[in-house]
Each structure stands twice: as structure tokens, then as C-alpha cells.
Amino acid sequence: MTNCKLVGGFIAIALSSVGIQNTMGQSVSKSVRPGKGLYEIVFSEKSNAVYVAGVGDRGDNNARIFKLNPQTLKVEDSIDVSEAPAYGLGLNEKSQTLYTSNTRSNSVHAIDLKTGKIVATIRNGNEKSHTREIIADEQANTIYVSDVGAGIWVIDGKNNTFSTLIGNAGKSLAGMALDEKNKVLYMTDIKSDKIVVYDLKRKIVTDSFPSGGKGAINLVRDAKTKRLFVANQGSGELTVLEESTGKVLKVIPTGKGALGVNFNPAKNLVYVANRQEGTLTIVNAATYETVASLHTGTHPNTVAVSKNGNAFVSNKARSGPRPKPGETPQPQPEDTNGDTVTLVTIP
């Protein structure tokens, strides 16, 4: 159970002990509502800021990217992206450029974080696309964007222009993890529940193997141990795979709708946002023990982590029925646990 009350402009969340496991002292310390229609979140160590995409209410043309203070979650600034609302976020820390997947606008924004200005809006020339996840190769200044059903966009980060499309890697690619050193891209194929391994130098698929669960959606890589951590939305599980062979090392139940996943190598912890369960699961990557399961909001969507292990979770609000063509969207009861950003502190 989760009890909420408004304190000093923040929504304070008190967690009951019922159904919550917490063996290492992780806790929800703050939860705020910066704006409407929140989607993905990233954290920049270099600029010491949290960025979260908000598309606004349906039809209000008020999409923004909010810049939050990582200690207080106070909104420090915002970037207007109303012309092409941003859903997914990817960060090149080296160049301090934020990239956005504008899922419904067939485009990607490149935003200079020093100025907060959109410096380029990138398109691949097709009339339709479903841009989703973004990952940056900071060494090569190359950006990869998954276009579900089409392939992977390759963007030249120096000029912020579309370079090419990887269209021979899978049926419906969604999540991505990158081996920067060896130039290998690991991707989830949500239609086949497989992990696709793509050699970026040779431009060929070198392997594919089952994710170990159902509804493989997102993944993250542990570069030191050569493991992949995969969030499986359909089966509500985190699977751990050996990246060289695809061997399933562990299957860990996390909760309904496992979606966002991230890894902190310094703390050796894996974080899974369980959208339908309303929880963030924290797993010890060495022992595979679930060390905490915390209620963070209505629909936990994505999770960003800082070097000190703190986690920032974007929580979507409960949505009403979509209006039919020509209908005006009807106001819905306010969901005080949705459209929030939650800070989970790690001791």
C-alpha cells in the first residue's frame, strides 16, 4: 500500500511494510509532478540534472522537456518541444547533446543542453516511423535510434544528420544496448522475443537468441561481466543472459509489465520499472537477490541512475479512453500518483 500527502509542494510517499521487501535500505525519498504526460527520463552527471519528457495533455500542444534538480527534483528549466513532442530520450554526455524520439512526428530532435535550444530536427525521409529508444556511441559520436517495425536509424552526431538505416537486423526492434569498444549492438525483437546481435563494423547480424522471457522490450549491458539484463514485459521478469552465447543465467520475477531497465556498475545493482505493478525492483547483480521492491507511482515507465546509485523513475498517469475521431477529449479524474518523477535513494 502507498499513502500520499502534499508536503511543501512535493508529494511525500510513505511506504507500508506490507508486500515490500527491502534489505539494503533503499527508499523513496521524493516524488514530484513536473508536468503532464511524462514518458522517458535520463540523468546527466556532467550537467548534474535530470531530464524528463512530458507530452502534455491530449490536444493541449504543451509538450516540454523538464530539467530537474537531482536532489530536490525541483524544476529548474524546461525546453519547449511542442512542434514535435518528445517521448524517448537519449544522452551523449561527451557532447552534452540530448536526443529525443518524436514518436508521432517521424523525427528526432538534437538539443544542446548548454543552451537548451533545439539545434537540429532529424528525419530519415520516410513518411512514417515509430522512433522509440535512443543510445549514443560517445567515442564515435554516433547515435542509434530504434524505429519499431523499420530498423535502426544511424545519426551522425557531429553534424546531427541522418546517415543510414539498419534495416536487416530484425522484425520489430525496440530496446538497445551497445558495446562501444567492439562496436556491437544488442537489440530486443519484440515480435520474436529474441536478442539480435549486430556487428556495426561489418554491418551484419552475427547472432540471435531467446530472451528467456515473454515480451522482451528493453535491455542493458554490464560491460565488465559481459552480461545482458533484459526486461520482459509479457512475463514480468528480468532475465540475465551471457552475451557471447545467449545462455540464460537467471530468471528473476519483478512484477507485471516489466518495462524500463538500468544498471549501476559501481553499486552492482539492476533497476526494473514494472509498469502494471507500480513498482521499482532493485536486484543485486552479483547474487541475483531482489533487495527492494518499492512503489513509485501509478505506472513506472523508465528509470535513470546516477553514479552514486540513486534512481530516478518516471511514472505515467492512469489514462482514460481515447476519444473517437472528431470527439473532444473528456477531462479525467486527477491521478495524484501519476505523471510523477520519483527519487529512490541508495545508502
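The numbers here are math on the coordinates, done by the rules we state, and not lab data. Computed from a predicted model, the values in this text were never measured in an experiment. Because the Cβ atoms are built from the backbone with ideal geometry, glycine has one as well, and the counts that use them run over all protein chains shown.
Couple of notes before you dig in:
- Amide H partners (placed H, <5 Å) of Lys256, local residues excluded: Glu277
- Separation of the Gln139 and Glu242 label points, Cα + 7 Å toward Cβ, nm: 2.4
- Per-residue Cβ neighbour counts within 10 Å put Tyr186, Tyr288 in the sequence Tyr288, Tyr186, beginning with the fewest.
- Estimated distance in nm for a label pair at Thr345 and Asn62, the labels positioned 7 Å out from Cα along Cα-to-Cβ: 3.2
- Segment 175-236 shape via C-alpha gyration tensor axes, a/c threshold 1.5: oblate
- Calculated on the Cα set of segment 85-179, radius of gyration then Dmax: 12.0, 38 Å.
- Within the shell defined by Cβ-Cβ distances under 14 Å, the residues around Val75 carry a net charge of +2, with Lys and Arg each +1 and Asp and Glu each -1.
- Cα gyration tensor shape of segment 21-106, rounded if a/c is under 1.5, else prolate or oblate by comparing a/b with b/c: prolate
- Here the label points at Ser82 and Lys203, each 7 Å from Cα along the C-beta direction, are separated by 4.2 nm in the simple model.
- Summed residue charge, Cβ within 14 Å of Asn106's Cβ, Lys/Arg positive, Asp/Glu negative: +1
- One chain, two ends: Ala286 and Lys171. Fully extended at 0.36 nm per residue, the span grows by 38.1 nm beyond their Cα-Cα distance.
- Relative counts (whole %) of C-alpha pair distances in the chain, using bins that are 10 Å wide: 6, 26, 36, 25, 7, 0
- With K and R counted +1 and D and E -1, the other residues having a Cβ less than 10 Å from that of Glu138 yield a net charge of -2.
- Rounded to the nearest 0.05, the FRET efficiency derived from the C-beta distance between Arg104 and Asn308 at R0 = 45 Å is 0.80.
- Among the listed pairs Lys158/Lys183; Lys46/Lys181; Lys94/Lys191, a Cα-Cα separation exceeding 24 Å is found for Lys94/Lys191.
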